[in-house]
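The values are calculated or read from the model by the stated rules, or taken from the named source; none is laboratory data. Because the structure is predicted, anything quoted here is derived from the model rather than measured. Glycine also receives a Cβ, built like all others from the backbone with ideal geometry; neighbour counts cover every protein chain displayed.
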Amino acid sequence: MEATTLPKSWNIDQTLDDLDQQGFAVIDHVYSYHYVYQLVKECISNLNCFREAAIQNGVVSNVRSDHILWIDENLHIAQHHINTLKQLSQLLNRHFYLGINDVEAHFACYNTGEFYALHRDNPQNKNGRIISTVYYLHEEWQESWGGELHLQDKKNVWHTIQPKPNRIAMFQSDLLHEVIQAKHQRLSITAWLRSDQNII
Ligand code: OGA
Ligand code: MN
C-alpha cells in the first residue's frame, strides 16, 4: 500500500473517542486547499459519467435520487483520499479490532430536489460495511440549501450534520440516516470501510 499519512490537522484522539461514545465523528478542514481544488476538478470533469444511483441491475428504487460514479484507479486524485481512508482503517483496526480490509467509494452528486431517504448502509450486518464515511467537496454550502445528513447515533439521539466543504462525517454503517433534499448541487465522496475482502 502507498505510504500515506493521515493529515496533521486531524484530531484523531477526538475522532476515536466520538466513534466510541456516539458511533459517529466529524472532522473539518480535512485536506489542503491545493488537494481540494484538484479533487473538485476531477469530480466535476467526470459529472457526465455519473449514473442514477437508484437503478441497480436495471431495477429502479425510489429511496434515493442522486447520481454516482464508482471510484477506480483511473480517478487518480481521488486515490489519495482512498489511501488516506486505508490509513484511517488501520488505526481503527488497532483501536477497535474492526478487521477492516477494504475501502469502496463513489462520488455522489445531488442536484436540486434530490435526496436519500432513511436507510442503513449495512442493515442486519448483511454486507461487509463497518464504517461509512462521507467527504463533502462542493466549494460552498449554506444552511438554507438543505442537504443535511440526519443521523441517529448509537444511543438513539438524532443529529443534523451540515455538508460543509472539506468535512468528513463518519459513522457506524448500521446506524439509521438520511440525506435531506438538497436545494443546490451537493458533491461528495461516500466511502465504506469494509471487512470482507483480502486487499490490504
Ligand atoms: C450514502 C449516504 C450521506 C451523505 O451515500 O449512503 O448516506 O451525507 N450519504 O451524503
Ligand atoms: Mn447511507
Out of everything in segment 96-144 that is more than 15 Å from ligand 1 (Cβ to nearest atom) and among the hydroxyl-bearing types (Ser, Thr, Tyr), what residue ends up being surrounded by the most Cβ atoms within 10 Å (Cβ to Cβ)? Thr112
Collect the residues in segment 145-166 that are more than 10 Å from ligand 1 (Cβ to nearest atom) and more than 24 Å from Leu47 (Cβ to Cβ), keeping them in residue-number order. Gln152, Asp153, Lys154, Lys155, Asn156, Val157, Trp158, His159, Thr160
Which condition number does Ile55 fail, the rest of (1) among the β-branched types (Val, Ile, Thr); (2) more than 16 Å from ligand 2 (Cβ to nearest atom); (3) modelled with pLDDT of 95 or more being met? (3)
Is segment 66-79 home to any residue that is crowded, with 18+ Cβ neighbours inside 10 Å, modelled with pLDDT of 95 or more and polar (S, T, N, Q)? no
Can you find even one residue in segment 134-155 that is of a type in the set (D, E, K, R) and in a strand (DSSP E or B)? no
State which residue is nearest to ligand 2 (Cβ to nearest atom) when the search covers only segment 86-124 and only residues that are within 17 Å of Asp66 (Cβ to Cβ) and of a type in the set (Asp, Glu). Asp121
